[in-house]
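To start, the structure itself, in structure tokens.
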Amino acid sequence: MADSLSGGGRSARLLAAAGDDLAAAARVRLLTELTAGSVDPEVYARYLRVEEEFVHTAARVLGAAVWDAPRWESTVGHARSLFSLVTEQREYFAHARAQWPAAADLSPAARRAAGGLSEHVLRAAADHGYPAIVTSMLAAEQLYLTWCTAATGRDVRREPAVQEWIELHARAPFTDQVAFLRAEVDALPGEVSDARLLDWFTAMLAEECRFHDAVFR
Ligand SMILES: Cc1ncc(CN)c(N)n1
């Protein structure tokens, strides 16, 4: 399974070491309310706006991963993930925003707080290259795999657009993309220490928390 800790490679050690941070990031208010089907329509409208912007950032970061890819297989894997972002996920936003009943009214403070996630991952990619890209993106994707997989296991009534977003992150091709990122982390050279991976991973999770809290500001 894509979210299992089995395998004993570097990514398994990383997920085990960051387990508490991952669990805490999956428990923030927005993700808890989305899971419970209780999110306020204005809050979700704001999330749709900042989330669409982050997905654009993720596409740019995967472009950098293609540029820095150490192997053909790495190029192909990131290109597949990038393709899903620019097709399935981009179309989700166009469709969800058109049908969503509330307007997105974002305060400057909310914009700034949400924008920190993009700034962080773009800076990590520019400063530290491929190892930081795959580790930071694994943190982001593993968080969504974790909370969305748990949410689909709960018998809760949700708005169709919310349900669709959750399901999209609990099935292929998304689950394959997370497994691919894990394999890329497993294949990182030994001179990149486990401590460094943990720093990149947990720093990204901390920005994820700020991002998800931003829509309440
Ligand atoms: C903020 C955020 N983090 C992660 C994901 C998972 N792709 C996402 N869609 N948005």
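For the reader, a short list of remarks on this structure follows.
- Residues located in region 125-141, provided they are of a type outside the set (S, T, N, Q) and crowded, with 18+ Cβ neighbours inside 10 Å: Ala125, Tyr130, Pro131, Ala132, Ile133, Val134, Met137, Leu138, Ala139, Ala140, Glu141
- Extreme residue, nearest to the ligand (Cβ to nearest atom), among residues of region 61-110 that are loosely packed, with under 13 Cβ neighbours inside 10 Å and of a type in the set (Ser, Thr, Tyr): Thr87
- Here Cys148 fulfils each of the conditions (1) in contact (Cβ under 8 Å) with a residue 24 or more places away in the chain; (2) crowded, with 17+ Cβ neighbours inside 10 Å apart from (1).
- Of the residues Leu117, Leu122, the single one that is surrounded by fewer than 17 Cβ atoms within 10 Å (Cβ to Cβ), among the hydrophobic types (A, V, I, L, M, F, W, C) and within 16 Å of the ligand (Cβ to nearest atom) is Leu122.
- Residue within region 51-59 that is of a type in the set (Asp, Glu), within 14 Å of the ligand (Cβ to nearest atom) and touching a Ser or Thr at 6+ places or on another chain (Cβ under 9 Å) present: yes
- Selected residue [within 16 Å of the chain's Cα centre (by Cα), over 17 Å from Gln89 (Cβ atoms), surrounded by fewer than 18 Cβ atoms within 10 Å (Cβ to Cβ) and touching a residue at least 24 places away in the same chain (Cβ under 8 Å)] from Arg210, Arg154: Arg210
- Which listed residue is in contact (Cβ under 8 Å) with a residue 40 or more places away in the chain, out of contact with any helix residue (DSSP H, G or I) (no Cβ under 7 Å at 6 or more places or on another chain) and not aromatic (Phe, Trp, Tyr), from Glu141, Glu51, Glu91: Glu51
- Breaking point among (1) within 13 Å of the ligand (Cβ to nearest atom); (2) in a helix (DSSP H, G or I); (3) buried (at least 19 other Cβ atoms within 10 Å of the Cβ), for Glu184: (1)
- If only residues of region 157-177 that are of a type in the set (D, E, K, R) and not in a helix (DSSP H, G or I) are counted, the one that is surrounded by the most Cβ atoms within 10 Å (Cβ to Cβ) is Arg158.
- Residue match in region 185-205 (condition: of a type in the set (Asp, Glu), free of Cβ contacts under 8 Å to residues at least 12 places away in the same chain and under 26 Å from Val39 (Cβ atoms)): no
- The residues of region 64-84 that are in contact (Cβ under 8 Å) with a residue 12 or more places away in the chain, among the hydrophobic types (A, V, I, L, M, F, W, C) and part of a helix (DSSP H, G or I), listed by number, are Ala64, Ala65, Val66, Ala79, Leu82.
- Exclusive hit being more than 18 Å from Pro173 (Cβ to Cβ) and not in a helix (DSSP H, G or I), set Leu122, Leu106, Leu117: Leu106
The numbers here are math on the coordinates, done by the rules we state, and not lab data. Since the structure is predicted, the reported quantities are computational estimates derived from the model, not experimental observations. When we count neighbours, we look across all protein chains shown, and the Cβ atoms used for this are built from the backbone with ideal geometry, even at glycine.
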